[in-house]
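Undergrad: Below you will find the structure I want to go over with you.
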Amino acid sequence: MSAFLRDGGEGPGTPEEVLDEAFGCDSDGRWRAGPEGVAVALFEAGFSCAEATVFTLATHFNAGVADPQPLGAGLGGGVGRLGHVCGCLSGLAVAAGAIAGRTSCDDEERKERVYEAVCRVADRIEKDHGSVHCRTLTGLDFSITADRDEFHRRVQREVCIPLLTLTVRAAVEELAELRPRGNAAAAGGSDST
């Protein structure tokens, strides 16, 4: 059961509610947690690894996306529970595009820089965890109910949270090096608005 459920079993609904309840805000309206803490809190509250990654990175870098979490909704469990590319990595790819992606088809430099940043994070995941594929990483087939139960019993804590933490840490390092698009501030910190 989530550490963020309210009395009566009703939990916070939005990422902002989860984070406000978990950490509160400082005088600047920022959550009192770094990006890794934000991502883990969202994941533990019930958002998928992809949703947690997209929201965390898009808000940390002020990507200008009003509601980034839903962009990762179909990516958890290795894309729709298919066991393919890890949702943390897929979420990073979505967030990287929002943060520093190209806005015209002739901007090859920006496209390449985003690709390279995503590939460097993928290489770190593969080096530390042996794969970037959800089914290989977790040993589970999320289309099977018993495997989803095993995820909640053990795999979320033992496999996915360390993987999410590594991905967000590596992504923050990589994306800080990219020139942000438009008004986005590089490494602006998690913002509750």
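Undergrad: Would you pick out the residues in region 19-46 that are more than 18 Å from Thr167 (Cα to Cα) and either buried (at least 20 other Cβ atoms within 10 Å of the Cβ) or of a type in the set (S, T, N, Q) (or both)?
TA: Leu19, Ala22, Ser27, Trp31, Ala45
Undergrad: Output the residues belonging to region 65-91 that are under 13 Å from Thr136 (Cβ atoms) and surrounded by fewer than 15 Cβ atoms within 10 Å (Cβ to Cβ).
TA: Once the filter is applied, which keeps residues that are under 13 Å from Thr136 (Cβ atoms) and surrounded by fewer than 15 Cβ atoms within 10 Å (Cβ to Cβ), region 65-91 yields only Leu82.
Undergrad: Then there's this: Working carefully through the options Val118, Val155, find the one that is part of a helix (DSSP H, G or I), open to solvent by less than 30 Å² (accessible area, probe 1.4 Å) and farther than 21 Å from Val94 by Cβ. Walk me through it before giving the result.
TA: Numbers: Val118 fails: farther than 21 Å from Val94 by Cβ.
Exactly one of Val118, Val155 is part of a helix (DSSP H, G or I), open to solvent by less than 30 Å² (accessible area, probe 1.4 Å) and farther than 21 Å from Val94 by Cβ, namely Val155.
Undergrad: Now a separate question. Within region 121-140, can you find the residues that are more than 11 Å from Leu89 (Cβ to Cβ), open to solvent by less than 40 Å² (accessible area, probe 1.4 Å) and outside any helix (DSSP H, G or I)?
TA: Residues of region 121-140 that are more than 11 Å from Leu89 (Cβ to Cβ), as a first pass: 127-128, 130, 135-136, 138-140.
With the extra rule that they be open to solvent by less than 40 Å² (accessible area, probe 1.4 Å), the set shrinks to 138, 140.
Result: Leu140, single match.
Undergrad: Another question, if that's okay. Anything in region 92-115 that is open to solvent by 20 Å² or more (accessible area, probe 1.4 Å), among the β-branched types (Val, Ile, Thr) and either part of a helix (DSSP H, G or I) or over 26 Å from Ala73 (Cβ atoms) (or both)? List them, or say none.
TA: If we filter region 92-115 for residues that are open to solvent by 20 Å² or more (accessible area, probe 1.4 Å), which is where we start, we get 93-94, 97, 102-113, 115.
Those still in the list that are among the β-branched types (Val, Ile, Thr) too: 94, 103.
Within region 92-115, just Val94 meets the criteria.
Residues are listed down the side, and each one gets a yes or a no for (1) more than 21 Å from Val40 (Cβ to Cβ); (2) at pLDDT below 95; (3) touching a helix residue (DSSP H, G or I) at 6+ places or on another chain (Cβ under 8 Å); (4) not aromatic (Phe, Trp, Tyr):
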residue	(1), (2), (3), (4)
Ala117	yes, no, yes, yes
Ile125	no, no, yes, yes
His133	yes, no, no, yes
Ser143	yes, yes, no, yes
Glu174	no, yes, yes, yes
Ala184	yes, yes, yes, yes
Thr193	yes, yes, no, yes
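The values are calculated or read from the model by the stated rules, or taken from the named source; none is laboratory data. In this text, all values refer to a predicted model and were calculated from it rather than measured experimentally. Using ideal geometry, Cβ is built from the backbone for each residue, glycine included, and neighbour counts are taken over all protein chains shown. Please note that ligands, DNA and RNA were not included when accessible areas were found on the heavy atoms of the full protein model with its side chains. Shrake-Rupley method; radii C 1.70, N 1.55, O 1.52, S 1.80 Å.
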